[in-house]
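Asks: Below are the structure tokens for one structure; questions will follow.
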Amino acid sequence: MDPYFIFKKCLLLLTAYGGILTSFKLFPHPRGFGLGELIGAVLFSPFQMLAASLAFVAGFLAYSLFVQDLLKTLFQMPRYSVNHNIRILFLVLAFLSIAHLMYTSWVPALCALILASLYGIMDVNLQKVD
């Protein structure tokens, strides 16, 4: 077992949760819901929009790695593997963090979950087990 496995997973979980939560807070919230107000907010605070976009991308890419772990755990990894219980623990923690994000603001969290699921499924690279 990799000695830094748990550290990497903790850092990945913090990146995923922190990235999505930070993007919630940094994304410009105009008073009206019109396109003109949104464009005005983006034009007058472009660095805030850039930071929110980068945090969102980092968050959903980190969550996509948890989707890959879920698929590998379900379909490929043998049950007697050393990392099996630790992977399941981090998958539960990732699910709980997504549930909290859904409670906080469900529309961006749902977008992040859909993008993470699609990217994680496309990039999983499962090997056939004989």
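The values are calculated or read from the model by the stated rules, or taken from the named source; none is laboratory data. Given the structure is predicted, the values throughout are model-derived calculations rather than measurements. Cβ sites come from the backbone with ideal geometry, for glycine too, and all protein chains shown count toward neighbours.
Asks: Scan segment 36-51 and give yes if some residue there is among the aromatic types (Phe, Trp, Tyr) and touching a residue at least 40 places away in the same chain (Cβ under 8 Å), otherwise no.
Replies: Keep residues of segment 36-51 that are among the aromatic types (Phe, Trp, Tyr), which gives 44, 47.
Subsequent filtering for residues that are touching a residue at least 40 places away in the same chain (Cβ under 8 Å) retains none.
Within segment 36-51, none of the residues are among the aromatic types (Phe, Trp, Tyr) and touching a residue at least 40 places away in the same chain (Cβ under 8 Å).
Asks: Then there is this: Kindly list, by first and then second residue, each pair from a residue in segment 4-17 that is under 23 Å from Leu101 (Cβ atoms) to a residue that is of a type in the set (S, T, N, Q) and assigned to a helix (DSSP H, G or I), limited to pairs with Cβ atoms under 6 Å and residues at least 6 apart or on different chains.
Replies: That search, which allows pairs on different chains as well, returns Tyr17/Ser97.
Asks: Identify, by number, the condition in (1) modelled with pLDDT under 90; (2) loosely packed, with under 12 Cβ neighbours inside 10 Å; (3) farther than 21 Å from Ala112 by Cα that His29 doesn't meet.
Replies: Among (1) modelled with pLDDT under 90; (2) loosely packed, with under 12 Cβ neighbours inside 10 Å; (3) farther than 21 Å from Ala112 by Cα, the lone unmet condition for His29 is (3).
Asks: How many residues does segment 30-57 contain that are within 17 Å of Cys111 (Cβ to Cβ) and under 22 Å from the mean Cα position of the chain (by Cα)?
Replies: Within segment 30-57, residues that are within 17 Å of Cys111 (Cβ to Cβ) and under 22 Å from the mean Cα position of the chain (by Cα) number 7.
Asks: Still on this structure, I have one more. So the check is Cβ under 9 Å with 6+ separation or different chains; which pairs have a first residue in segment 103-121 that's more than 16 Å from Phe66 (Cα to Cα) and a second one that's part of a helix (DSSP H, G or I) and among the polar types (S, T, N, Q)?
Replies: These pairs meet every condition: Pro108/Ser23.
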